[in-house]
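Enquirer: Right, I'll just put the structure down here and ask away after.
The values are calculated or read from the model by the stated rules, or taken from the named source; none is laboratory data. As the structure is a computational prediction, the values presented were derived from the model and not from experiment. Note that we place each Cβ from the backbone using ideal geometry, even for glycine, and neighbour counts take in every protein chain shown.
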Amino acid sequence: MIYYSKVSYTLLIVVFIVFFGPLIPNYINDGFNSTMFLMTLALIILFGLIVHMFFNTTYKIEKEKLHIKCGFFKYRPVNIREMKKVSTSSNVISSPAASFDRIEITYGKFEELIISPKHKTKFVEDLQKINPKIINNLRG
């Protein structure tokens with residue numbers, strides 16, 4: 001089963017402003033020149049890669065493993081049998097989550113993972129089918 005990450009358009013807009021906002025005063029003061037063109041082109045390419053990561057972040061449950069892919073990057077698979085607890089999270093730490101609506105999975109000895117599947121309840125239910133010992137703290 002493959003789950004896509006929920007995408008926070010607010011987060012995407014913030015990234016866009018951070019990337020392109022500083023260019024506006026430069027265009028006003030210096031106008032359009034080859035240096036500004038190259039810098040803008042480089043930022044467009046970099047922003048395109050970030051957008052690709054936002055819309056191509058997936059969480060795949062396969063056999064007893066959770067496989068996480070964020071754009072071109074693949075994370076080390078997590079053994080679902082080692083998962084202990086799933087909770088809501090407001091942690092903004094860098095993670096394979098394209099939204100602020102996140103969940104935290106604790107597993108192993110002291111490991112944790114922050115992700116943002118679009119359909120959190122169904123995702124956790126599918127994890128619990130493999131490991132019924134997972135504590136689900138998503139329910140209020």
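Enquirer: Taking segment 61-93 on its own, how many of its residues are in a strand (DSSP E or B) and out of contact with any Pro (no Cβ under 9 Å at 6 or more places or on another chain)? Full working, then the answer.
Expert: Of segment 61-93, the ones in a strand (DSSP E or B) are 61-62, 65-70, 73-74, 78-79, 83-89.
Adding the requirement that they be out of contact with any Pro (no Cβ under 9 Å at 6 or more places or on another chain) leaves 61, 74, 78-79, 83-89.
Of the residues in segment 61-93, 11 are in a strand (DSSP E or B) and out of contact with any Pro (no Cβ under 9 Å at 6 or more places or on another chain).
Enquirer: Would you point out the residue of segment 14-37, among those that are touching a Phe, Trp or Tyr at 6+ places or on another chain (Cβ under 8 Å) and of a type in the set (F, W, Y), that is farthest from F54 (Cα to Cα)?
Expert: Across segment 14-37, the extreme among qualifying residues is F20.
Enquirer: Which one of I28, I50 is exposed (fewer than 11 other Cβ atoms within 10 Å of the Cβ), part of a helix (DSSP H, G or I) and either in contact (Cβ under 8 Å) with a residue 12 or more places away in the chain or of a type in the set (A, V, I, L, M, F, W, C) (or both)?
Expert: Testing whether each residue is exposed (fewer than 11 other Cβ atoms within 10 Å of the Cβ), part of a helix (DSSP H, G or I) and either in contact (Cβ under 8 Å) with a residue 12 or more places away in the chain or of a type in the set (A, V, I, L, M, F, W, C) (or both) leaves just I28.
Enquirer: Of everything in segment 1-15, what is in a helix (DSSP H, G or I) and either closer than 29 Å to E125 by Cβ or modelled with pLDDT of 95 or more (or both)? Give them in sequence order.
Expert: Answer for segment 1-15, where residues must be in a helix (DSSP H, G or I) and either closer than 29 Å to E125 by Cβ or modelled with pLDDT of 95 or more (or both): Y9, T10, L11, L12.
Enquirer: On to the next question. Are any of the residues in segment 94-106 loosely packed, with under 14 Cβ neighbours inside 10 Å and either assigned to a strand (DSSP E or B) or of a type in the set (D, E) (or both)?
Expert: Within segment 94-106 (the criterion being loosely packed, with under 14 Cβ neighbours inside 10 Å and either assigned to a strand (DSSP E or B) or of a type in the set (D, E) (or both)), the answer is no, since none of the residues qualifies.
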